[in-house]
1. Within the set of pairs 6+ apart or on separate chains, which have a first residue in region 180-197 that is on the phi > 0 side of the Ramachandran plot, a second that is part of a helix (DSSP H, G or I) and surrounded by 18 or more Cβ atoms within 10 Å (Cβ to Cβ), and C-beta atoms under 7 Å apart?
2. Can you go through A197, A206, A225, A184 and tell me which one is among the small types (G, A, S), touching a helix residue (DSSP H, G or I) at 6+ places or on another chain (Cβ under 8 Å), assigned to a helix (DSSP H, G or I) and within 22 Å of R122 (Cβ to Cβ)?
3. Take the residues in region 27-80 that are touching a residue at least 12 places away in the same chain (Cβ under 8 Å) and in a strand (DSSP E or B); name whichever of them is nearest to the chain's Cα centre (by Cα).
4. Search region 103-120 for residues that are in contact (Cβ under 8 Å) with a residue 24 or more places away in the chain and not assigned by TED's automatic domain parsing to the domain that holds C226 and pair each with any residue that is assigned to a helix (DSSP H, G or I) and small (G, A, S) when their beta-carbon atoms are under 6 Å apart and the residues are at least 6 apart or on different chains.
5. In a helix (DSSP H, G or I), surrounded by fewer than 19 Cβ atoms within 10 Å (Cβ to Cβ), of a type outside the set (K, R) and at pLDDT 85 or above - does that describe any residue in region 136-144?
6. Please state which of the following conditions P78 fails to meet, knowing it meets all the rest: (1) surrounded by 14 or more Cβ atoms within 10 Å (Cβ to Cβ); (2) in contact with a strand residue (DSSP E or B) (Cβ under 9 Å, 6 or more places away or on another chain); (3) modelled with pLDDT under 85.
7. Starting from residues that are hydroxyl-bearing (S, T, Y) and under 18 Å from A166 (Cα atoms), keep the ones in region 18-58 and report whichever is surrounded by the most Cβ atoms within 10 Å (Cβ to Cβ).
8. Check region 191-211 and report whether any residue there is charged (D, E, K, R), surrounded by 18 or more Cβ atoms within 10 Å (Cβ to Cβ) and over 22 Å from D103 (Cβ atoms).
Amino acid sequence: MLSMQTKLVKISTVDAVVNHIKAQIATGHLTPDAKLPSERALQRQLGVSRFTLREGLARLQALGLLRIEHGRGAFVRPEVSRRSLQDVLSPMFTHRNPQHLADLMQARALIEGEVAAQAATRRSEGDLACLEDHLDQGRRCLDDPSAFGKHDFDFHQALARIAENAFYRLFLEAIAAPVGEFLADHALSDHNRQAAAESHQAIVEAIRRRQPALARDLTRRHIDACHTNYQKGLARPTSKEVS
């Protein structure tokens with residue numbers, strides 16, 4: 001229940017325009033180099049004035065997210081930086097907030113599923129050797145929660161490098177902080193570490209066999225299972241609660 005002293009923060013129409021386009025970029029509806037609709041179309045779509053729209057676009061250009069070319073229109077910058085994406089994404093989640101965590105895991109499942117599928121298509125023998133090294137590292141640190149949490153993070157980053165998609169890699173780098181925190185907490189459970197290691201093995205096998213659909217499905221199921229196991233761990237009573 002809201003406190004009677006809670007004050008809602010009002011945002012301007014310009015801020016609303018900026019937030020809307022940021023979200024379109026963050027969710028992949030607007031990809032690097034994509035051209036935005038015309039000013040007239042955006043005005044109709046968003047229900048704003050020409051002045052408000054132009055002010056919003058100017059702010060996005062200042063943030064490094066858009067490139068505005070007079071006579072041609074506005075484009076998402078192809079070199080969207082990690083810092084730019086963090087500016088877009090960081091206010092949207094914290095893994096300590098249950099709803100934000102659910103949103104983050106859903107986004108990870110969608111993006112990283114495609115990463116794994118592309119990795120299965122594009123991988124080289126050298127890439128497979130790299131993934132095998134990651135699996136070996138994971139097996140060696142199964143009894144070390146801190147080390148396994150770092151391994152889990154590094155494994156998924158390795159898949160993004162193999163996929164050779166710059167936007168996917170930048171997106172995963174931009175959400176590295178909350179994902180890293182989540183994986184560190186997730187790895188505190190013996191069961192979670194063992195389950196994750198087995199999932200990683202299955203994903204690598206699908207990539208080895210060049211089975212993109214299976215790699216995608218296994219990765220999505222893996223991330224969903226991590227979220228579920230983490231929630232179950234939070235729901236278990238601690239020793240203090242039981243006593």
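The values are calculated or read from the model by the stated rules, or taken from the named source; none is laboratory data. Nothing here was measured: the structure is a model prediction, and the numbers come from that model. Using ideal geometry, Cβ is built from the backbone for each residue, glycine included, and neighbour counts are taken over all protein chains shown.
1. That search, which allows pairs on different chains as well, returns nothing.
2. Numbers: A197 fails: within 22 Å of R122 (Cβ to Cβ); A225 fails: within 22 Å of R122 (Cβ to Cβ); A184 fails: within 22 Å of R122 (Cβ to Cβ).
On inspection, the qualifying residue turns out to be A206.
3. My answer is V76.
4. Pairs found: none.
5. Yes.
6. Only one criterion is unmet by P78, namely (1).
7. T27
8. Yes: region 191-211 contains one or more residues that are charged (D, E, K, R), surrounded by 18 or more Cβ atoms within 10 Å (Cβ to Cβ) and over 22 Å from D103 (Cβ atoms).
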